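S.K.: Please find one structure pasted underneath; my questions will follow.
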Amino acid sequence: MILKFLAKLVMTGAVLSLLLYWYSNISLTNAVIVSLLFAVVSWFAGDQLILRLSNNATATVADALMSAVYLWIVGSILNLTLNFWEIVLISAIVGIAEWLFHRYMLRPDRVMSV
């Protein structure tokens, strides 16, 4: 389970950091911090709660909507230059990445035999 959490941190951290850095006036350091905080929130709410209680499609939509709300709140607090359509685009890309990650989460752990 810890490997899946680390994979989530890397995947979400990379995708969201790069998109935030590209589309807004945020520093790279702050983009990484904001992205990692979202990854932790998304792990518990999306992957550990919603995904377990529903399916990949529901969890993916929830993660995409959660990222949009998160970006709107963080953008307001940090005074980022993100407009509505940039938030929609970033959230859609995060949703695609989350859908792929959920497929990874739902597969059973494979044990290699010698």
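S.K.: Which of (1) within 11 Å of the chain's Cα centre (by Cα); (2) buried (at least 16 other Cβ atoms within 10 Å of the Cβ) does Leu51 not meet, given it meets every other one?
M.R.: Status for Leu51: all satisfied but (1).
S.K.: Turning to a different aspect of this structure: Mind checking which residues of region 21-44 are of a type in the set (A, V, I, L, M) and either buried (at least 18 other Cβ atoms within 10 Å of the Cβ) or at positive phi (or both)?
M.R.: Ile26, Ala31, Val32, Val34, Ala39
S.K.: Right, here's the next one. Being within 19 Å of Gly13 (Cβ to Cβ) and surrounded by fewer than 19 Cβ atoms within 10 Å (Cβ to Cβ) is the filter here, so list the residues in region 55-68 that pass it.
M.R.: Ala68
S.K.: Any residue that is more than 15 Å from Ala97 (Cβ to Cβ), assigned to a helix (DSSP H, G or I) and free of Cβ contacts under 8 Å to residues at least 60 places away in the same chain - is there at least one of those in region 6-19?
M.R.: There is at least one residue in region 6-19 that is more than 15 Å from Ala97 (Cβ to Cβ), assigned to a helix (DSSP H, G or I) and free of Cβ contacts under 8 Å to residues at least 60 places away in the same chain.
S.K.: Further, regarding this structure: In region 79-95, how many are over 27 Å from Leu51 (Cα atoms) and surrounded by 14 or more Cβ atoms within 10 Å (Cβ to Cβ)?
M.R.: Result for region 79-95: 2.
S.K.: Please verify whether Ser76 is assigned to a helix (DSSP H, G or I), of a type in the set (Gly, Ala, Ser), modelled with pLDDT of 95 or more and surrounded by fewer than 19 Cβ atoms within 10 Å (Cβ to Cβ), treating the condition exactly as stated.
M.R.: Values: assigned to a helix (DSSP H, G or I): yes; of a type in the set (Gly, Ala, Ser): yes; modelled with pLDDT of 95 or more: yes; surrounded by fewer than 19 Cβ atoms within 10 Å (Cβ to Cβ): yes.
Yes; evaluated as a whole, the condition is true for this residue.
S.K.: Now, a different point. Within 13 Å of the chain's Cα centre (by Cα) and of a type in the set (S, T, N, Q), is that true of Ser27?
M.R.: no
S.K.: Pairs only if they're at least six apart or on different chains, beta carbon under 6 angstrom, first in region 38-59 and of a type in the set (S, T, N, Q), second surrounded by 13 or more Cβ atoms within 10 Å (Cβ to Cβ) and assigned to a helix (DSSP H, G or I); list them, first residue then second.
M.R.: These pairs meet every condition: Ser42/Asp63; Asn56/His102.
The values are calculated or read from the model by the stated rules, or taken from the named source; none is laboratory data. Predicted model, so just to flag it, every value in this text is computed and none were measured. With ideal geometry, Cβ positions are generated from the backbone for all residues, glycine too; neighbour counts draw on all protein chains shown.
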